[in-house]
1. If you average the sequence gap of Cα pairs under 8 Å that are 6 or more apart and divide by the length of segment 33-177, what percent do you get for the contact order?
2. Counting only DSSP beta bridges with both residues in segment 3-207, tell me the antiparallel percent, nearest 5.
3. With springs connecting C-alpha atoms under 10 Å apart, model the chain as a Gaussian network and identify which of 175, 193, 43 has the largest mean-square fluctuation.
4. How far is helix 47-57 tilted off the main Cα axis of the chain, in degrees rounded to 10, range 0 to 90?
5. Could you tell me which of rounded, prolate or oblate describes segment 24-68, using a ≥ b ≥ c as the square roots of the eigenvalues of the alpha-carbon gyration tensor, with rounded for a/c under 1.5 and, failing that, prolate when a/b is larger than b/c and oblate otherwise?
6. Spin-label point model (7 Å from Cα, Cβ direction): what's the residue 19 to residue 108 distance in nm?
7. What angle do you read, to the nearest 10 degrees and between 0 and 90, between the alpha-carbon axis of helix 128-137 and the longest principal axis of the chain?
8. From the square roots a ≥ b ≥ c of the eigenvalues of the alpha-carbon gyration tensor of segment 1-122, which class results: rounded (a/c under 1.5), prolate (a/b over b/c), or oblate?
């Protein structure tokens, strides 16, 4: 059964963040808070952990819509190829925030995921807990929603109920209080004619 660890959402305790990082470095899979819904994540560079995430979702790695949780935009060029100036400006304006930006993946991504993924989702959530986890880990977390986005329902917001339902499938659940039940707004930046793929928690007027 997963370890349930409570971390303050605004002032994350460093010792507890380190416990989560140690779990990820050991190949662990975690459920953790974001500025939208609770997410399912693992170390981006641990292939076995990625395979576990895929089994959790019941999907092959090349079929799954996966995003990277980043601390900020400083490492984006490592994972995304050719970010245009308008796209970068938009991301800088929106992040940290409740958005996922779809970009063309760099040559690094297929090597990491062992698939031919040509697109990558980038997230910098407006929540200190995931950002501090990523900062201490030293690289992004590979992330997906705990459940399919169109099936997110009320019980997904309560950490203890998440533990009850999914505790046997993951190694650690980070409890930072109630989560949201509206996923991030997804914006495609594959070209400069930006497209809203999914309207979620992030304000779409940011494109105006």
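Nothing in this text is a laboratory measurement; each read-out follows from the coordinates by a stated rule. Remember, it's a predicted structure, so these values are computed and weren't measured experimentally. A quick note on method: Cβ atoms are made from the backbone with ideal geometry, for glycine too, and the neighbour counts reach across all protein chains shown.
1. Normalised by residue count, the contact order of segment 33-177 is 35 percent.
2. 60 percent
3. Comparing 175, 193, 43 in the GNM, the peak value goes to 193.
4. Once rounded, the angle reads 80 degrees.
5. It comes out oblate by the Cα gyration axes.
6. Between residue 19 and residue 108, the label points sit 3.1 nm apart.
7. Once rounded, one gets 90 degrees.
8. oblate
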